[in-house]
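Beneath this line is the structure, given in structure tokens, with notes to follow.
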Number of protein chains: 2
Amino acid sequence: MKTYADLNTPERILLGPGPSMVHPRVLRAMAHPLLGHLDPEFIHLMKEVQELQRFVFQTENEMTIPVSGTGSAGMEAAVANLLEPGDTIIVGVNGYFGERLCDMAGRYGGKVVRLEKPWGQPVLPAEVEAALKATPAKVVALVMAETSTGALTPMGEMAEIVHRHGALLLMDCVTSLGGIPVKIDEWDIDIAYSGTQKCLSCPPGLSPLTVGPRVRQLLRDRKSKVANWYLDLTMLEHYWGDERTYHHTAPITMNFALREALRLVQEEGLEARFARHKAHAELLWDGLEDMGLQLIVPREYRLPTLTTVAAPEGVNEADVRKRLLEQYNIEIAGGLGAFKGKAWRIGLMGYSSRKENVELLLSAMKKLL
Amino acid sequence: MKTYADLNTPERILLGPGPSMVHPRVLRAMAHPLLGHLDPEFIHLMKEVQELQRFVFQTENEMTIPVSGTGSAGMEAAVANLLEPGDTIIVGVNGYFGERLCDMAGRYGGKVVRLEKPWGQPVLPAEVEAALKATPAKVVALVMAETSTGALTPMGEMAEIVHRHGALLLMDCVTSLGGIPVKIDEWDIDIAYSGTQKCLSCPPGLSPLTVGPRVRQLLRDRKSKVANWYLDLTMLEHYWGDERTYHHTAPITMNFALREALRLVQEEGLEARFARHKAHAELLWDGLEDMGLQLIVPREYRLPTLTTVAAPEGVNEADVRKRLLEQYNIEIAGGLGAFKGKAWRIGLMGYSSRKENVELLLSAMKKLL
């Protein structure tokens with residue numbers, strides 16, 4: 001019988017589009033003995049995770065929970081619960097995750113209207129307004145931080161437009177939450193989800209989700225059952241609410257981790273955390289430009305959390321990544337879709353966003369290029 | 001601003017229906033630094049997890065993967081991928097999880113035929129045959145080990161009957177895998193799923209799933225897209241297969257944990273592990289009967305992994321559980337559904353199945369009753 005060695009993972013410096021590095025305190029939290037999912041101690045911890053999630057989402061939304069899957073499960077929870085067959089959804093498609101939203105919406109019987117922008121560009125408020133004038137819709141779905149391109153879609157004015165046209169605003173904040181400002185209440189976002197493994201620096205496995213009052217009303221008014229049992233928000237609401245009606249067994253250890261990761265965010269403070277992400281991103285950008293490299297997204301819409309860099313002519317981008325990993329234990333990523341083979345994606349998220357990581361990466365890239 | 005204390009979980013002795021206690025080696029595996037989900041080291045680890053899952057499922061099925069959600073996500077993956085709208089599914093309903101299968105199947109447009117048995121009884125082969133004769137079906141879904149009742153449905157002869165009637169056999173082995181024999185290939189099961197937090201003694205968060213050749217053919221022959229993006233097995237097949245096509249970010253740390261939990265199963269050996277579960281269950285049963293307590297499921301169909309005990313007349317079952325938890329740090333569970341307020345559920349699964357736990361529980365219950 002084949003035998004398997006002790007786990008012996010190398011210490012990687014994770015500077016890709018996620019997962020980011022996990023703070024040692026979060027790793028230690030995961031080593032705690034398990035609690036039952038109905039244990040009063042765990043139910044208390046669930047409440048704390050919800051409170052801390054509200055803090056990082058900057059919201060008072062009661063229905064703020066971690067979905068028991070990765071960020072894609074949060075995306076699917078939002079889509080599946082908002083749409084009933086035949087509903088129209090306008091999706092901003094300026095990268096890979098906009099495409100994914102379209103795929104999911106189609107599976108739930110949505111009529112999908114694509115608001116397309118070239119990869120690397122943001123979706124702008126005037127474009128959303130024009131799309132709504134052309135096609136009335138029930139939902140507008142936008143990816144605030146496109147992980148595939150590094151472009152930031154400005155969200156502050158979107159809700160006013162969307163609500164004036166009688167629609168609801170769904171926001172993907174997977175690569176923004178905890179790294180740049182995400183203001184659910186001030187921006188009046190109706191539903192938003194993120195992932196744990198980006199700027200929150202917790203291992204992947206949960207998807208922080210927040211649901212505003214308009215969507216809670218919609219859930220009560222739905223004519224059909226949500227076409228997804230695991231992600232049915234009404235059932236999840238009863239599980240995470242005061243009733244604690246059994247639904248599924250929450251990933252307990254992952255909730256230990258998320259609680260600790262969110263405590264770290266709270267201890268640092270949101271403004272200080274955003275300033276740290278910005279400062280290290282600027283250090284990276286300056287260094288890359290000093291090397292003559294071209295950053296794909298214009299500065300105005302460039303995400304501090306994820307930078308896309310054009311691979312210079314004649315350079316094999318995959319080979320550079322391979323050597324970064326093998327020689328320096330540094331992980332960065334290649335492009336997806338339209339950027340495949342043409343770009344690098346460098347993430348500076350959460351615990352990965354440290355000056356020493358930026359300096360090391362720049363120094364290593366100089367040697368390799 | 002409210003502050004949150006260091007995580008400080010009590011050391012519970014988990015003798016409920018899951019989660020079970022986690023071996024210290026599994027907890028330590030989770031404290032390893034994170035890898036990227038496309039890191040060659042992680043991809044190698046994914047292969048090992050698949051191999052070890054095949055070992056515990058006793059199968060050669062290539063498509064054997066952990067679904068990135070809890071056991072309910074595995075259940076939904078099986079249902080969503082097998083059914084297209086209008087398909088007939090016969091579901092054995094002899095407890096809570098059979099009910100859940102019906103709910104899920106309805107959401108995917110399935111015509112649900114309920115094969116009902118009283119709670120606490122198994123579903124028998126002759127009953128499955130009679131149901132198929134009465135209503136031809138595409139799928140028969142059976143819960144091998146009903147976590148809500150402690151009844152074992154014998155699976156060895158089911159596939160021959162189901163296949164003879166042109167149907168496929170879906171098996172829930174959440175509370176059996178790793179605790180009692182689960183022989184996917186010998187029993188010719190078409191699709192089966194489990195949870196990590198039962199007899200595998202790994203924290204909840206993944207659902208081991210195995211897919212046989214008939215279901216792989218069905219996936220290729222489907223007319224409609226699977227009405228669930230996150231759990232689309234064809235996409236997951238490409239992610240876990242040699243292509244490694246990006247789908248979602250696997251819960252990396254949970255995969256570290258599952259690998260270690262499965263290594264522990266392999267080191268112990270399946271037969272030794274099953275014998276341990278049986279021996280400790282018999283010790284528990286004898287002790288409970290010596291106390292004059294009545295076990296609900298007849299011995300022939302009684303699960304060694306989960307025992308339901310009738311609460312005696314005049315005893316407040318919830319109060320006994322509360323005192324077990326508060327005075328002894330022991331968790332057992334109450335009844336669900338038909339057994340609510342009337343029964344205790346005592347699990348002896350994985351690392352929880354130890355002689356000292358049985359002795360302590362019996363001793364504590366004697367004092368409390």
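The values are calculated or read from the model by the stated rules, or taken from the named source; none is laboratory data. What you see is a predicted model, and the numbers here were worked out from it, not measured in a lab. Every residue, glycine among them, receives a Cβ derived from its backbone with ideal geometry; neighbour counts consider all protein chains shown.
What residue, among those in the stretch A:228-273 that are modelled with pLDDT of 95 or more and part of a loop (DSSP other than H, G, I, E, B), is nearest to residue A:28 (Cα to Cα)? So the residue we want is A:251.
Can residue B:26 be described as under 30 Å from residue B:362 (Cα atoms), modelled with pLDDT of 95 or more, within 11 Å of another protein chain (Cβ to nearest Cβ) and not in a loop (DSSP other than H, G, I, E, B)? Before the answer, list the steps.
Values: under 30 Å from residue B:362 (Cα atoms): yes; modelled with pLDDT of 95 or more: yes; within 11 Å of another protein chain (Cβ to nearest Cβ): yes; not in a loop (DSSP other than H, G, I, E, B): yes.
Against the criterion (under 30 Å from residue B:362 (Cα atoms), modelled with pLDDT of 95 or more, within 11 Å of another protein chain (Cβ to nearest Cβ) and not in a loop (DSSP other than H, G, I, E, B)), residue B:26 qualifies.
On inspection, residue A:200 fails the criterion of being assigned by TED's automatic domain parsing to the domain that holds residue A:82 and outside any loop (DSSP other than H, G, I, E, B).
Looking across the stretch A:132-163, the residues that are β-branched (Val, Ile, Thr) and crowded, with 23+ Cβ neighbours inside 10 Å come down to A:139, A:140, A:143, A:147, A:149, A:153, A:162.
Residues that are surrounded by 19 or more Cβ atoms within 10 Å (Cβ to Cβ), more than 7 Å from chain A (Cβ to nearest Cβ) and of a type in the set (S, T, N, Q) are absent from the stretch B:2-13 altogether.
Scan the stretch B:179-196 for residues that are closer than 27 Å to residue A:68 by Cα and in contact with a His (Cβ under 9 Å, 6 or more places away or on another chain) and the total you get is 2.
In the condition set (1) buried (at least 20 other Cβ atoms within 10 Å of the Cβ); (2) part of a loop (DSSP other than H, G, I, E, B); (3) of a type outside the set (Val, Ile, Thr), residue A:166 is compliant with all but (1). Say whether the condition of being within 27 Å of residue A:29 (Cβ to Cβ) and either modelled with pLDDT of 95 or more or among the charged types (D, E, K, R) (or both) is met by at least one residue in the stretch A:217-224. No - not one qualifying residue is present in the stretch A:217-224.
Per the conditions (1) buried (at least 20 other Cβ atoms within 10 Å of the Cβ); (2) in contact with a Lys or Arg (Cβ under 9 Å, 6 or more places away or on another chain); (3) within 8 Å of chain A (Cβ to nearest Cβ); (4) farther than 30 Å from residue B:119 by Cα, the sole criterion not satisfied by residue B:63 is (3). In the stretch A:81-102, what residues are part of a helix (DSSP H, G or I) and over 18 Å from the mean Cα position of the chain (by Cα)? Scanning the stretch A:81-102 gives A:81, A:82.
Given the criteria touching a residue at least 24 places away in the same chain (Cβ under 8 Å), more than 30 Å from residue B:31 (Cα to Cα) and of a type in the set (Phe, Trp, Tyr), does residue B:328 qualify?
Values: touching a residue at least 24 places away in the same chain (Cβ under 8 Å): yes; more than 30 Å from residue B:31 (Cα to Cα): no; of a type in the set (Phe, Trp, Tyr): yes.
No; evaluated as a whole, the condition is false for this residue.
Any idea which residue in the stretch A:66-113 is nearest to residue A:143 (Cα to Cα), counting only those that are of a type in the set (S, T, N, Q) and within 13 Å of another protein chain (Cβ to nearest Cβ)? Per the criteria, the residue is A:72.
Screening A:313, A:300, A:359 for residues that are surrounded by fewer than 13 Cβ atoms within 10 Å (Cβ to Cβ) and farther than 26 Å from residue A:100 by Cα leaves exactly one candidate, A:313.
Checking every residue in the stretch B:40-55 against the condition of being assigned to a loop (DSSP other than H, G, I, E, B), surrounded by fewer than 20 Cβ atoms within 10 Å (Cβ to Cβ) and assigned by TED's automatic domain parsing to the domain that holds residue B:220 gives zero matches. The condition (being at pLDDT 95 or above, within 13 Å of another protein chain (Cβ to nearest Cβ) and not in a loop (DSSP other than H, G, I, E, B)) is satisfied by just one residue among A:356, A:326: A:326. Among all residues of the stretch B:38-52, there is at least one that is facing chain A (nearest Cβ under 7 Å) and more than 16 Å from residue B:208 (Cβ to Cβ).
Residue by residue through the stretch A:163-214, note down the ones that are within 14 Å of another protein chain (Cβ to nearest Cβ) and polar (S, T, N, Q). Those that are within 14 Å of another protein chain (Cβ to nearest Cβ) and polar (S, T, N, Q): A:175, A:194, A:196, A:197, A:201, A:207.
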